[in-house]
1. Among the residues of region 102-116, write down those that are hydrophobic (A, V, I, L, M, F, W, C) and buried (at least 18 other Cβ atoms within 10 Å of the Cβ).
2. Taking the condition of being of a type in the set (A, V, I, L, M, F, W, C), surrounded by fewer than 17 Cβ atoms within 10 Å (Cβ to Cβ) and under 17 Å from Val118 (Cα atoms), how many residues in region 45-75 meet it?
3. Taking the criterion of being modelled with pLDDT under 95, surrounded by fewer than 17 Cβ atoms within 10 Å (Cβ to Cβ), under 16 Å from the mean Cα position of the chain (by Cα) and at negative phi, would at least one residue in region 79-99 satisfy it?
4. If only one of Glu63, Glu84 is of a type outside the set (S, T, N, Q) and assigned to a loop (DSSP other than H, G, I, E, B), which one is it?
5. Read through the list (1) open to solvent by 60 Å² or more (accessible area, probe 1.4 Å); (2) at pLDDT 90 or above, then give the number of the only condition that Arg13 fails.
6. Filter region 117-129 down to the residues that are within 21 Å of Leu43 (Cα to Cα) and either surrounded by fewer than 17 Cβ atoms within 10 Å (Cβ to Cβ) or not hydrophobic (A, V, I, L, M, F, W, C) (or both) and list them by number.
7. Take region 26-44 and flag every residue that is polar (S, T, N, Q) and either open to solvent by less than 40 Å² (accessible area, probe 1.4 Å) or within 21 Å of Ala104 (Cα to Cα) (or both).
8. Of the conditions (1) modelled with pLDDT under 95; (2) over 20 Å from Ser140 (Cα atoms), Thr49 satisfies every one except a single condition; which number is it?
Amino acid sequence: AVLGRSLASWLERPATLSLPLLPLLDADLRISSARTSAGPVDLGRSAATLSLKSGRLLADIAELEIDAGAHGSGQISADMTRAEPRFSVRGKIEGLEASRLAVALTGQTTLRGRTDVVLDLAGAGDTGERFLSTLSGKASLSMTNGGQVGIDLPALLGQSTAATAMDWGEVLSGPTSV
């Protein structure tokens, strides 16, 4: 819930997305680890390279094990050479416990079960609000049998065809298995 609260607070206040030292650095760094803990997140085998050159950052994550069973890879980039900084993320995480993702994003356990996440997103802006307004790309989440969505989908579908106002209390009252 800590990450969920921090994400929500970042979105609510005008945070500046700035990396002022990035244009001054030129470096290549390779990092690998058998195990790392970062707050509530335990990482297993991990390997990444970080390149900084002429105001551009590229983090290439070749291997990432998360919370006993999930693994992934991807790239994160920041281009600070433009009038508006540009950021992107591409990657895939397989076997992630969906409740951890849901709590990180919303502060609620709206999802349960193992899931695969694929991201290919990009945006530009020097504040969180501007970045979100330009965010584009694709994000997908797929769950294996046995997962649960924290809303009553049959109730939601039944109400969506009705001409009356949505009763969110009924929709949010129970999970739906997938």
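1. Ala102, Val103, Leu111
2. Our first condition is that a residue be of a type in the set (A, V, I, L, M, F, W, C); within region 45-75, this holds for 47-48, 50, 52, 57-59, 61-62, 64, 66, 68, 70.
Cutting the leftovers down to surrounded by fewer than 17 Cβ atoms within 10 Å (Cβ to Cβ) gives us 47, 50, 58, 62, 68.
If we keep only those that are under 17 Å from Val118 (Cα atoms) as well, we get 62.
Qualifying residue count for the region: 1.
3. Yes, the conditions are met somewhere in region 79-99.
4. On the way: Glu63 fails: assigned to a loop (DSSP other than H, G, I, E, B).
Selected residue: Glu84, the only one of Glu63, Glu84 that is of a type outside the set (S, T, N, Q) and assigned to a loop (DSSP other than H, G, I, E, B).
5. Going through the list (1) open to solvent by 60 Å² or more (accessible area, probe 1.4 Å); (2) at pLDDT 90 or above, Arg13 breaks only (2).
6. Looking only at region 117-129, we keep the residues that are within 21 Å of Leu43 (Cα to Cα), and these are 117-119.
Correct list: Val118 only.
7. First, pick out the residues of region 26-44 that are polar (S, T, N, Q): 32-33, 36-37.
Scanning region 26-44 gives Ser33, Thr36, Ser37.
8. Of the numbered conditions (1) modelled with pLDDT under 95; (2) over 20 Å from Ser140 (Cα atoms), the odd one out for Thr49 is (1).
The values are calculated or read from the model by the stated rules, or taken from the named source; none is laboratory data. These figures come from a predicted structure and were not determined experimentally. Neighbour counts are summed over all protein chains in view; Cβ atoms, including those assigned to glycine, are modelled from backbone coordinates with ideal geometry. Side chains included, ligands, DNA and RNA excluded: accessible areas come from the protein's heavy atoms. Shrake-Rupley method; radii C 1.70, N 1.55, O 1.52, S 1.80 Å.
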